[in-house]
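Below is one structure; the comments refer to it alone.
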Amino acid sequence: MLIFGGTGNYGQYIVKSLVQRKIPVKVFTRDIKRAKKKLGEEPEYFEGDVLNRESITGSLVNVKAIIISLSAMHPKLIRKQKKIEHDAVMTILDEAEKSQIKRIVFISIYDIQKELISKLKLEVGYYKMAIEDRLANSNLNWTVLGCPPSYMIFESFTRKGMMIVPGGGSPIMPSVAPQDVGEIAAQAAIRDDLNKKRFHMTSAEPFSFPEVAERISSVLGRKIKYRKLPLFGLKIASIVTYPFNPYLRHLVKYVQLLNNFPTDLAKQAIEDHKILRSTFEYEPMSLEDYVRISFKHL
Ligand SMILES: NC(=O)c1ccc[n+]([C@@H]2O[C@H](COP(=O)([O-])OP(=O)(O)OC[C@H]3O[C@@H](n4cnc5c(N)ncnc54)[C@H](OP(=O)(O)O)[C@@H]3O)[C@@H](O)[C@H]2O)c1
């Protein structure tokens with residue numbers, strides 16, 4: 001198994017699940033030393049940059065299946081977002097076809113909602129849409145895992161007894177433990193009966209931020225207050241900083257997405273989760289268990 005993005009928020013759990021299953025895994029990374037600190041000695045590593053076609057072709061030797069979990073949502077990478085999340089992924093798919101590697105698992109956004117993507121002018125949405133079109137029109141054996149913001153988002157909005165949510169969040173939104181995505185992606189990659197299937201990666205029910213703050217409070221045994229932060233200041237800051245770094249502008253769009261999550265799609269999470277449970281063998285991690293494991297520093 002070759003994984004692009006194996007050191008990322010989701011990718012690290014995909015690698016861990018593959019390693020646990022004793023499946024030989026090769027992690028493509030720009031920095032082996034940093035990757036080893038995170039993932040240990042068990043995976044094989046390939047040092048390279050997806051912006052370099054030779055790097056990609058070099059990594060494909062002895063590979064049976066590929067998992068793509070690349071992202072450029074970082075202040076230092078955002079200017080290269082199209083090159084990393086679109087152009088490089090297309091190159092990976094081209095080179096996989098040439099090397100007769102058929103099985104591809106692609107970690108994507110939760111759903112391709114064309115209207116919402118164009119309303120928010122969401123660049124990442126256009127890139128993922130193009131990749132998914134490319135897969136749909138290929139002879140590759142592919143599976144797309146559409147991911148919502150993971151439980152990590154609740155942690156990143158919580159500081160000093162307060163969950164501060166820019167814009168307040170949507171009334172309901174799906175979320176998932178990154179560990180569950182790791183397990184499902186690992187299982188999907190070793191199966192070949194999931195061709196042309198797209199899954200919504202969701203826990204058993206959708207959430208609202210105030211409800212999550214309550215649930216975190218009961219696990220931690222102390223009050224986590226929910227507060228809505230008006231988006232106005234963030235929007236102004238994103239416009240002012242845009243000429244120097246477009247990251248904040250992209251972050252604002254992401255936050256707008258969090259605040260415009262389609263309710264009907266969020267409601268489907270209950271059924272979507274049942275599909276995951278009937279297709280994959282795993283025990284979903286509850287929000288409470290995730291908080292117990294990950295929120296210790298709060
Ligand atoms: N996180 C979320 O809440 C969320 C929500 C919805 C959808 N998703 C989707 O999930 C996927 C993964 O997102 P993530 O948040 O897990 O990513 P992430 O934590 O930002 O990690 C990005 C990964 O991309 C790799 N990468 C970036 N530039 C590279 C380059 N030039 N060459 C080689 N590798 C490069 C990094 O590897 P190295 O640093 O090791 O080189 C890293 O492993 C994306 O498709 C994203 O759209 C994520």
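Below is a table of values for the structure above.
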| quantity | calculated |
| --- | --- |
| Residue match in region 264-272 (condition: of a type outside the set (S, T, N, Q) and within 14 Å of Gly169 (Cα to Cα)) | yes |
| Any hit, region 115-124, residues being buried (at least 17 other Cβ atoms within 10 Å of the Cβ) and among the small types (Gly, Ala, Ser) | no |
| Search result, residues across region 159-194 that are in contact with a helix residue (DSSP H, G or I) (Cβ under 8 Å, 6 or more places away or on another chain) and more than 25 Å from Glu283 (Cβ to Cβ) | Met163, Val165, Pro166, Gly167, Gly168, Gly169, Ser170, Pro171 |
| Search result, residues across region 154-203 that are crowded, with 20+ Cβ neighbours inside 10 Å and part of a helix (DSSP H, G or I) | Phe154, Pro178, Gln179, Asp180, Val181, Gly182, Glu183, Ile184, Ala185, Ala186, Ala188, Ala189 |
| Subset of region 173-196 (residues that are away from the ligand (no atom under 16 Å from the Cβ) and at pLDDT 95 or above) | Gln187, Ile190, Arg191, Asp193, Leu194, Asn195, Lys196 |
| Close pairs (6 angstrom Cβ cut-off, 6 or more residues apart or separate chains): closer than 20 Å to Ser108 by Cβ and at pLDDT 95 or above in region 50-73, more than 13 Å from the ligand (Cβ to nearest atom) and of a type in the set (Asp, Glu) anywhere | Ile56/Glu95 |
| Selected residue (only one of Pro284, Pro210 is crowded, with 16+ Cβ neighbours inside 10 Å and in a loop (DSSP other than H, G, I, E, B)) | Pro284 |
| Cross-chain or 6+ apart pairs with Cβ under 9 Å, region 95-111 first and farther than 15 Å from Leu2 by Cβ, then buried (at least 17 other Cβ atoms within 10 Å of the Cβ) and small (Gly, Ala, Ser) | Ser108/Gly146; Ile109/Gly125; Ile109/Gly146; Tyr110/Gly146; Asp111/Gly146 |
| Residue check, Ser69 among the polar types (S, T, N, Q), within 9 Å of the ligand (Cβ to nearest atom), closer than 14 Å to Ala88 by Cα and in contact with a helix residue (DSSP H, G or I) (Cβ under 6 Å, 6 or more places away or on another chain) | yes |
| Residue satisfying all of: in region 213-250; in contact with a Pro (Cβ under 7 Å, 6 or more places away or on another chain) and in a helix (DSSP H, G or I); farthest from Ala177 (Cα to Cα) among these | Leu234 |
| Filter result (of a type in the set (Asp, Glu) and either in contact with a Cys (Cβ under 7 Å, 6 or more places away or on another chain) or away from the ligand (no atom under 15 Å from the Cβ) (or both)) within region 116-172 | Asp133 |
| Every pair of residues 6+ apart whose Cβ atoms lie under 8 Å, when the first sits in region 3-20 and is at negative phi while the second is within 9 Å of the ligand (Cβ to nearest atom) and basic (Lys, Arg) | Thr7/Arg34; Thr7/Lys38; Gln12/Lys38 |
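The values are calculated or read from the model by the stated rules, or taken from the named source; none is laboratory data. Since this is a predicted model, take the numbers as computed values, not measurements. Cβ atoms come from the backbone with ideal geometry, glycine included; neighbour counts cover every protein chain shown.
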